[in-house]
Amino acid sequence: MPQLLQILCLCFSLVFQIQAREAKEYDKDVQYDESKLPPYDLPPLLTTSSGQSVETPEAWMQQRRPEILSLFANLIYGRVPAPAKPIEVSYEVVLEDEGFMDGMATRKDVKIHLENAKGRMSMHFLVFVPNNAQKPVPAFLKHSFNNTQSDDFDASSTRPGFLKNGWPLGELFKRGYGFCAVYQQDLVRHNEVEFLHSIHKLFYPERQSFPKSHEWGVLSACAWGASRAMDYLETDPAIDHSRIAIMGHSKMGKATLWTAAQDERFALAISAQSGCAGAALWRRKSGETLKKMVTRFPYWLCRNAWKFVEQEDDLPVDQHMLLACIAPRPVYVHSSTDDTWADSRGEYLSAYHASEVYQLLGKKALESSKLPEVGKPIIKSHVGYHIREGGHSIEMYDWQRFMDFADYHLQAK
Ligand code: GCU
């Protein structure tokens with residue numbers, strides 16, 4: 001027995017050593033020094049690919065925006081192909097608890113079933129609605145890392161006070177919001193072999209087993225799932241589906257921006273520390289780069305994106321254009337001082353450059369390229385922003401700013 005224990009310990013220590021070495025290798029050559037970043041020119045937002053200048057809201061909405069979305073679909077996140085056979089959707093309410101948090105809210109667990117001849121997938125969707133609401137409530141829809149089928153979320157996160165990395169349900173209910181969550185792994189797994197068991201399987205025609213180079217990876221599949229959750233919300237009378245704020249942190253912040261850019265039913269978007277492939281500009285190459293991303297997470301983006309590794313200047317898009325596709329709907333970007341991997345300055349600059357489109361559409365947006373100071377959130381603007389002291393997480397301070405931004409834009413409606 002002691003021998004077996006020794007062997008086990010040895011194995012664990014070997015695994016840790018290998019992981020530590022890989023992490024070291026991976027973190028090599030990361031550039032954080034502002035003075036060493038490459039010079040770059042961003043692709044113009046307001047000139048079409050055929051060189052026409054975009055001068056009116058109509059030209060933006062009808063011509064340039066669709067052109068940009070198509071570039072993001074084909075080159076960055078991957079296009080969702082037509083399904084092999086039409087997908088039938090059904091909703092099943094598997095639990096309804098009106099006494100949630102001592103009667104403060106109703107918790108509903110909904111299963112969204114997606115089915116065709118190629119298979120069946122079910123997405124578990126959580127919906128919480130405050131019980132004192134007199135009319136349908138606006139809500140936050142979170143692209144979540146939490147497994148919505150477990151009760152993990154409720155032990156710590158239901159306290160009206162707070163929790164780290166959790167959901168401030170009490171605070172949301174007090175401010176009159178519902179809260180909904182989708183769990184990424186219900187639909188999609190993390191490599192192309194596992195895609196055979198993910199939502200992708202419903203879409204592959206005969207003899208296709210992997211996405212084509214311009215077809216969807218993980219982030220696009222997450223975005224597609226959030227839109228299916230929105231389909232459900234359109235049928236739920238307790239929720240005002242015209243006032244849904246979509247949000248997500250980190251990887252899920254990337255998925256959030258791609259969801260909101262494409263699906264105009266989302267009224268507002270919040271990117272929390274989404275970094276590379278989220279709000280941060282590719283061309284700065286600060287912190288995580290395209291190369292680092294496709295090396296460590298080869299299936300998050302589509303394979304076409306790999307072609308631009310160390311060729312970012314050839315990309316006909318940069319991430320400010322993704323944020324601009326959300327206009328005129330409000331967008332909020334959150335960074336923090338120590339989250340250098342996500343390139344806070346690059347996240348802010350993206351929001352700043354996207355502001356050109358908001359202004360064209362007659363909305364108040366960011367006016368300065370200077371990174372705001374900690375403690376000075378920008379709320380009363382269609383492009384909002386704050387940077388917090390600290391690292392890669394969503395703290396209560398961040399949630400409160402998200403709610404302030406939503407109060408300003410959604411509660412008055
Ligand atoms: C990694 C990855 C980031 C991502 C983060 C997360 O750090 O490099 O791009 O945002 O994981 O999702 O937590």
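The values are calculated or read from the model by the stated rules, or taken from the named source; none is laboratory data. What you see is a predicted model; the values in this text were computed from it and never measured. For neighbour counting, all protein chains shown are included, and Cβ atoms are generated from backbone atoms with ideal geometry for every residue, glycine included. Just the protein is used for accessible areas: all its heavy atoms, side chains included, with ligands, DNA and RNA removed. Shrake-Rupley method; radii C 1.70, N 1.55, O 1.52, S 1.80 Å.
Compactness of segment 174-315 was expressed as the Cα radius of gyration divided by 2.2 N^0.38 Å, which yields 1.12. Its Cα gyration tensor gives the chain an equivalent ellipsoid, and the semi-axes of that ellipsoid, as √(5λ) in whole Å with the largest first, are 30, 29, 25. Considering only SER393, ALA305, ALA327, and ranking their Cα positions along the charge dipole of segment 293-413 that arises from unit charges at the beta-carbon of Lys, Arg, Asp and Glu, the one farthest toward the positive end is ALA327.
Within the straight-line cut-off of under 23 Å between alpha carbons, the lysines reachable from LYS292 are LYS24, LYS28, LYS36, LYS212, LYS251, LYS254, LYS307, sequence neighbours fewer than 8 places apart in one chain being disregarded. Mean-square fluctuation check for the chain, GNM, Cα pairs under 10 Å: which of GLU55, GLU215, GLU395 is largest? Among GLU55, GLU215, GLU395, the largest mean-square fluctuation in the Gaussian network model of the chain belongs to GLU55. Give me log10 I(q)/I(0) at q = 0.13, 0.17, 0.25 Å⁻¹ for segment 19-113, Debye formula, one equal scatterer per alpha-carbon, no solvent. Rounded to two decimals, the profile gives -0.93, -0.90, -1.25. Note on the chain: with charges restricted to the Cβ of Lys and Arg (+1) and Asp and Glu (-1), its dipole about the Cα centre is near 340 debye.
Here the chain exposes an accessible surface that is 52 percent carbon and sulfur, computed with a 1.4 Å probe and the other protein chains kept in place. The charge dipole of segment 185-247, taken about its Cα centre with unit charges on the Cβ of Lys, Arg, Asp and Glu (plus for the first two, minus for the last two), comes to roughly 200 debye. For segment 226-316, a crude dipole built from +1 on the beta carbon of Lys and Arg and -1 on the beta carbon of Asp and Glu, taken about the Cα centre, is about 520 debye to the nearest 20.
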